[in-house]
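Asker: The structure follows.
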Amino acid sequence: MISLCMIVKNEARNLARCLNSAKDCVDEIIVVDTGSEDNTIAIAEQFGAKIFHYQWQEDFAAARNYSLDQATGDWVLYLDADEELEANCSERLRSLTQRPDIEAYIFQIINLTDGNDPLKHVNVRMFRNKPSYRFAGKLHEQIISAIPPQATGNPVVNCGISILHYGYLTAEFLAKNKAQRNHKINTKLVAEDPNNPFYLYSLGGSCVNLNDPEGAVAHYHKALQHVNLRAMYAPSIFVSLISCLLKMGRLDEAVEYLEQCKIHYPDYVDIHFIEGELFYQLGNSKRAKGCFTRCLELGEQNKGRYTSRTGVGSFLANAKLAEIYQREGAYKKALQHQIQVIKGKNSDMKHYIQLAHILKDSLKDGQQVYAVLRSNIRHSNKATEQLMLSRMLYEIEEYEMASQLLDNLPGERPDLAQYKSRALLKTGRFAEAYEVLKQIPDLGLQQTILQELVFSLWTSSPAKDASPYLTISSGLDEELLKYLQTINDIVMNRPPAYEINHHNYYFNEIVNGLLAQKSFALVIKLLNSCDLHSVESQIPFLVAEPEHDDRFELAARLTLGDMGKGHQDSDHYYALARYFYRNHEYTSAQSVILQALEIMPSQIRYQELLQKIYLQQTLIMVQEALKHYPENPEFNRRLLELQMKLRKNTPLKGVH
């Protein structure tokens with residue numbers, strides 16, 4: 001007989017899902033309520049649960065143990081309300097009770113996250129119902145320490161069954177106010193036992209959730225000083241500490257702990273993946289390739305003792321290798337790895353789009369790319385298959401072919417309208433695009449594509465009038481609508497209905513959007529129409545903070561034209577130097593910024609740009625050396641020093 005034991009509070013949004021997944025696996029459901037004010041108890045009663053009430057004491061172990069006291073089964077399975085047993089596991093789970101040599105079973109917990117691949121860890125979730133088996137720990141309570149080892153063998157084994165955990169999803173985490181609750185409990189626990197490594201690790205995690213990386217690093221450091229490195233959570237302390245240090249730009253310290261972690265846990269696939277991500281971003285691609293290859297050798301760690309991110313031993317490592325080989329022009333190798341990515345995770349459209357980009361870079365011809373994709377992309381639903389192909393063609397800028405495919409799809413698909421309207425825009429079918437975009441159910445997305453339509457009309461040759469689409473019924477923000485109508489008048493050479501303020505947020509967003517499309521002449525026309533009538537006033541406007549790369553390109557163009565007329569100004573040189581710097585032309589950038597400093601030697605941002613140029617020039621030499629000697633400690637030390645100076649606490653992308 002198996003008893004399911006749960007502690008709950010205000011879990012009406014989750015409880016039915018959890019109990020529905022477990023009802024056929026257990027013979028008794030014990031629900032201990034700690035003060036629900038919603039429909040939690042009524043839902044539990046619908047599943048035949050035995051309800052008990054417990055006064056919450058900010059002690060999860062005490063509440064868990066109270067639930068165990070009520071259980072009458074021979075075995076106990078415990079779940080949280082925001083968890084769900086994997087489907088169709090009742091027969092396998094019940095068979096676990098037949099082994100006389102086993103005292104407890106480890107389950108794999110799959111923690112779902114917003115927009116990222118799940119994190120996986122293991123935990124004891126089912127054990128014999130014995131009075132001596134009780135939980136310890138006021139937060140993140142554990143049972144495993146209560147189960148003694150046996151001379152005849154390991155009494156705790158992995159059962160191969162998974163539990164889905166929804167509690168790390170942002171909406172769920174915020175709804176329960178977990179960050180503040182956990183921080184309060186963890187702070188109290190550390191005050192009572194200041195050298196307890198698990199409490200310190202938990203408090204570090206609470207600091208991360210409250211956006212306090214400095215506090216987190218301090219607690220993780222101390223946790224490592226006191227932890228038994230054989231503890232199941234010890235590898236996670238290293239990963240958490242390294243992630244915080246990377247986010248804070250403390251790369252040298254991150255690498256130091258990364259090397260320590262590899263020594264203690266050489267088979268931990270996640271640490272090799274983090275190392276690969278780090279050195280790829282720092283510019284040591286050869287070392288990164290070695291790390292990602294090692295990840296594939298280790299493979300996915302589904303049943304081990306490590307907390308692991310799904311995919312680091314399979315499709316994510318393949319994706320990184322495909323990206324590196326594509327950048328290097330080794331398209332055959334890139335394709336091999338990208339195909340493995342899709343085999344490992346065929347539900348993510350971004351991987352198919354990346355495959356299309358690699359094919360386009362390799363074949364150079366859209367028709368050939370389409371022929372390859374059409375022969376190899378398969379889906380049981382033909383309409384979905386056509387939509388996938390059209391999206392891939394759209395992303396590689398084969399708009400005509402994408403539009404033709406979309407025209408043949410049934411119009412009732414809810415996900416079709418946004419892709420079809422955008423493809424119609426790119427092929428100049430503006431009126432059709434407008435009719436289709438009105439079918440998009442998401443009002444925010446509909447308005448975004450409406451602005452894209454307006455920009456496309458303005459940048460056509462010749463420019464087209466957008467006023468039929470700029471009506472009150474469009475649903476656009478009133479002030480944004482006013483600015484779009486006013487700029488439309490200027491584009492169509494009509495007297496504007498309103499005066500433009502170049503400091504206005506919407507005006508600047510429209511300018512940035514047009515510059516992203518390289519519509520330089522139109523932006524100059526807009527600047528001339530407001531109170532920026534001269535190049536001398538336009539360049540300072542374009543290079544003012546917050547700095548924007550597309551603005552610097554226009555500023556550079558204006559600078560060259562003005563300098564051709566004999567005009568010289570320090571901001572002119574700065575704009576030109578920034579443009580060269582953005583395009584990795586460091587020698588030209590250096591020459592020009594030195595001229596700006598001759599005019600204004602005390603200008604801080606000129607000095608900072610010159611320093612960045614020198615650092616980039618040195619970085620290129622170091623990265624070139626690392627192509628030949630990727631493991632050289634001195635070159636890697638210089639690489640870290642240079643990147644830390646260039647980043648200045650800028651967080652790395654893709655941190656674990």
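Asker: Looking at Glu545, Glu553, Glu536, which is the one that is touching an Asp or Glu at 6+ places or on another chain (Cβ under 8 Å), acidic (Asp, Glu) and free of Cβ contacts under 8 Å to residues at least 60 places away in the same chain?
Answerer: Glu536
Asker: Only residues that are without any contact (Cβ under 8 Å) to a residue 12 or more places away in the chain and hydrophobic (A, V, I, L, M, F, W, C): list them for the stretch 174-217, please.
Answerer: Listed by number, the residues that qualify are Leu174, Ala191.
Asker: Could you tell me whether Ile539 is at pLDDT 95 or above and crowded, with 19+ Cβ neighbours inside 10 Å?
Answerer: Numbers: at pLDDT 95 or above: no; crowded, with 19+ Cβ neighbours inside 10 Å: yes.
Considered against the rule, which asks whether it is at pLDDT 95 or above and crowded, with 19+ Cβ neighbours inside 10 Å, Ile539 comes out as no.
Asker: Could I ask something else about it? I'd like the full set of residues that are among the hydrophobic types (A, V, I, L, M, F, W, C), farther than 26 Å from Leu93 by Cα and outside any helix (DSSP H, G or I), limited to the stretch 37-64.
Answerer: Trp56
Asker: Within 20 Å of the chain's Cα centre (by Cα), not in a loop (DSSP other than H, G, I, E, B) and not assigned by TED's automatic domain parsing to the domain that holds Tyr265: does that describe Ala371?
Answerer: no
Asker: Out of the helices (runs of 4 or more DSSP H) lying entirely within the stretch 389-500, which hold 3 or more residues that are touching a residue at least 24 places away in the same chain (Cβ under 8 Å)? Even if it seems obvious, please write down each step before you answer.
Answerer: Working: elements: 399-407, 416-426, 430-437, 443-458, 478-491.
Filter on the stretch 389-500 gives 399-407, 416-426, 443-458, 478-491.
Asker: May I ask you to say which residue of Ile353, Ile324 is surrounded by fewer than 19 Cβ atoms within 10 Å (Cβ to Cβ), under 21 Å from the mean Cα position of the chain (by Cα), assigned to a helix (DSSP H, G or I) and at pLDDT 95 or above?
Answerer: Ile353
Asker: Which number in (1) hydroxyl-bearing (Ser, Thr, Tyr); (2) surrounded by fewer than 20 Cβ atoms within 10 Å (Cβ to Cβ); (3) without any contact (Cβ under 8 Å) to a residue 60 or more places away in the chain marks the one condition that Ser90 misses?
Answerer: (3)
Asker: Among the residues in the stretch 313-328, are any over 30 Å from Glu641 (Cβ atoms) and in contact with a Phe, Trp or Tyr (Cβ under 6 Å, 6 or more places away or on another chain)?
Answerer: The answer is no; no qualifying residue exists.
Asker: Against the condition more than 25 Å from Tyr105 (Cβ to Cβ) and in the same structural domain as Lys130 (by TED's automatic domain parsing), how does Gln70 come out, does it pass?
Answerer: Numbers: more than 25 Å from Tyr105 (Cβ to Cβ): no; in the same structural domain as Lys130 (by TED's automatic domain parsing): yes.
No: the conditions fail for Gln70.
Asker: What's the number of the only condition in (1) in contact with an Asp or Glu (Cβ under 6 Å, 6 or more places away or on another chain); (2) in contact (Cβ under 8 Å) with a residue 12 or more places away in the chain that Lys360 fails to meet?
Answerer: Condition (1) is where Lys360 drops out.
Asker: Applying the selection to the stretch 65-82, what residues are over 23 Å from His165 (Cβ atoms) and either in a loop (DSSP other than H, G, I, E, B) or at pLDDT below 95 (or both)?
Answerer: Let us first name the residues in the stretch 65-82 that are over 23 Å from His165 (Cβ atoms), namely 69-70, 72-74.
Thr72, Gly73, Asp74 - these are the residues of the stretch 65-82 that are over 23 Å from His165 (Cβ atoms) and either in a loop (DSSP other than H, G, I, E, B) or at pLDDT below 95 (or both).
Asker: All but one of (1) crowded, with 17+ Cβ neighbours inside 10 Å; (2) in a helix (DSSP H, G or I); (3) at pLDDT below 90 hold for Lys645; state the number of the condition that does not hold.
Answerer: (1)
Asker: Sort out which residues of the stretch 262-276 are surrounded by fewer than 22 Cβ atoms within 10 Å (Cβ to Cβ), in contact with a Leu (Cβ under 9 Å, 6 or more places away or on another chain) and in a helix (DSSP H, G or I), and write them in order of number.
Answerer: His264
Asker: Pairs only if they're at least six apart or on different chains, beta carbon under 7 angstrom, first in the stretch 41-65 and in the same structural domain as Arg125 (by TED's automatic domain parsing), second charged (D, E, K, R) and at pLDDT below 95; list them, first residue then second.
Answerer: As it stands, the answer is Glu58/Lys138; Asp59/Lys138; Phe60/Lys138; Phe60/Glu141; Ala61/Lys138; Ala61/Glu141; Arg64/Glu141, since those pairs meet every condition given.
Asker: With the requirement that a residue be among the small types (Gly, Ala, Ser) and under 24 Å from the mean Cα position of the chain (by Cα), what does the stretch 163-216 give you? Walk me through how you get there before you give the answer.
Answerer: Kept after step one, since they are among the small types (Gly, Ala, Ser), are these residues of the stretch 163-216: 167, 171, 175, 179, 191, 202, 204-206, 215-216.
Gly167, Ala171, Ala175, Ala179, Ser202, Gly204, Gly205, Ser206, Gly215, Ala216 - these are the residues of the stretch 163-216 that are among the small types (Gly, Ala, Ser) and under 24 Å from the mean Cα position of the chain (by Cα).
Asker: Also: With respect to Tyr325, is the statement that it is outside the structural domain of Val369 (by TED's automatic domain parsing), touching an Asp or Glu at 6+ places or on another chain (Cβ under 7 Å) and either under 25 Å from Arg378 (Cβ atoms) or not hydrophobic (A, V, I, L, M, F, W, C) (or both) true?
Answerer: On the way: outside the structural domain of Val369 (by TED's automatic domain parsing): yes; touching an Asp or Glu at 6+ places or on another chain (Cβ under 7 Å): no; either under 25 Å from Arg378 (Cβ atoms) or not hydrophobic (A, V, I, L, M, F, W, C) (or both): yes.
Against the criterion (outside the structural domain of Val369 (by TED's automatic domain parsing), touching an Asp or Glu at 6+ places or on another chain (Cβ under 7 Å) and either under 25 Å from Arg378 (Cβ atoms) or not hydrophobic (A, V, I, L, M, F, W, C) (or both)), Tyr325 does not qualify.
Asker: I need the full set of residues from the stretch 46-79 which are under 17 Å from Ile2 (Cβ atoms) and among the acidic types (Asp, Glu), in order please.
Answerer: So the first thing to find is which residues in the stretch 46-79 are under 17 Å from Ile2 (Cβ atoms), and the list is 47-50, 64, 67-79.
Those that are under 17 Å from Ile2 (Cβ atoms) and among the acidic types (Asp, Glu): Asp69, Asp74.
Asker: Taking the condition surrounded by 17 or more Cβ atoms within 10 Å (Cβ to Cβ), free of Cβ contacts under 8 Å to residues at least 24 places away in the same chain and either more than 31 Å from the chain's Cα centre (by Cα) or outside any loop (DSSP other than H, G, I, E, B) (or both), does Gln386 pass?
Answerer: Details: surrounded by 17 or more Cβ atoms within 10 Å (Cβ to Cβ): yes; free of Cβ contacts under 8 Å to residues at least 24 places away in the same chain: yes; either more than 31 Å from the chain's Cα centre (by Cα) or outside any loop (DSSP other than H, G, I, E, B) (or both): yes.
Criteria met by Gln386.
Asker: Now for a different question. Considering the stretch 18-48 alone, what residues qualify as being surrounded by fewer than 17 Cβ atoms within 10 Å (Cβ to Cβ), more than 24 Å from Leu139 (Cβ to Cβ) and under 36 Å from the mean Cα position of the chain (by Cα)?
Answerer: Matches in the stretch 18-48: Asn20, Lys23, Asn39.
Asker: Oh, and also: Could you list, in sequence order, all residues of the stretch 290-307 that are touching a helix residue (DSSP H, G or I) at 6+ places or on another chain (Cβ under 6 Å) and modelled with pLDDT of 95 or more? Break it down stepwise before answering.
Answerer: At the first step, the residues of the stretch 290-307 found to be touching a helix residue (DSSP H, G or I) at 6+ places or on another chain (Cβ under 6 Å) are 291-292, 294-296, 298, 301, 306-307.
Passing the criteria: Cys291, Phe292, Arg294, Cys295, Leu296, Leu298.
Asker: Out of all the residues in the stretch 484-506, which are surrounded by 14 or more Cβ atoms within 10 Å (Cβ to Cβ), within 36 Å of the chain's Cα centre (by Cα) and farther than 13 Å from Phe455 by Cα?
Answerer: Listed by number, the residues that qualify are His502, Asn504, Tyr506.
The values are calculated or read from the model by the stated rules, or taken from the named source; none is laboratory data. Remember, predicted model here, so these are calculated numbers, not experimental data. Backbone-built Cβ (ideal geometry, glycine too); neighbour counts: all protein chains shown.
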